[in-house]
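The values are calculated or read from the model by the stated rules, or taken from the named source; none is laboratory data. Predicted, not measured: the structure shown is a model, and the values here were computed from it. Here the Cβ positions follow ideal geometry from the backbone for every residue, glycine too, while neighbour counts run over all protein chains shown. Only protein heavy atoms, including side chains, enter the accessible area calculation; ligands, DNA and RNA are left aside. Shrake-Rupley method; radii C 1.70, N 1.55, O 1.52, S 1.80 Å.
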Amino acid sequence: MVKHPVSPGDAYYLFATFYGDEFEGKQAADGSTFSNSGMTCAARGFPFGTMLEVQSLETGKSVIVTV
């Protein structure tokens, strides 16, 4: 479970997956239209608009996404 409030520099180790093409154009939980090309994520426990750095533990590469 995510502790609140969330602070810059907090680290969480969670399992990430992706949404398939069948979700393209459908309504997201925040009311926006989902796009596979958008840098967004669904993350239970984080408020909408929270920016998260997601890093692959395998490759070390990271991206910034918005909940």
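Of all residues in the stretch 35-48, which are open to solvent by 50 Å² or more (accessible area, probe 1.4 Å) and closer than 25 Å to SER7 by Cβ? It would help to see each step written out before you state the result.
Of all residues in the stretch 35-48, those open to solvent by 50 Å² or more (accessible area, probe 1.4 Å) come to 36-37, 39-40, 42, 44, 47-48.
Correct list: MET39, THR40, ALA42, ARG44, PRO47, PHE48.
Residues in the stretch 57-67 that are in a loop (DSSP other than H, G, I, E, B) and surrounded by 12 or more Cβ atoms within 10 Å (Cβ to Cβ): VAL67 alone. If you go through the stretch 35-56 and keep only what is in contact (Cβ under 8 Å) with a residue 12 or more places away in the chain, assigned to a loop (DSSP other than H, G, I, E, B), over 14 Å from TYR19 (Cα atoms) and not basic (Lys, Arg), you end up with GLY45, PHE46, PRO47, PHE48, GLY49, THR50.
Reported count of residues in the stretch 14-34, each being open to solvent by 100 Å² or more (accessible area, probe 1.4 Å) and in contact (Cβ under 8 Å) with a residue 24 or more places away in the chain, is 1.
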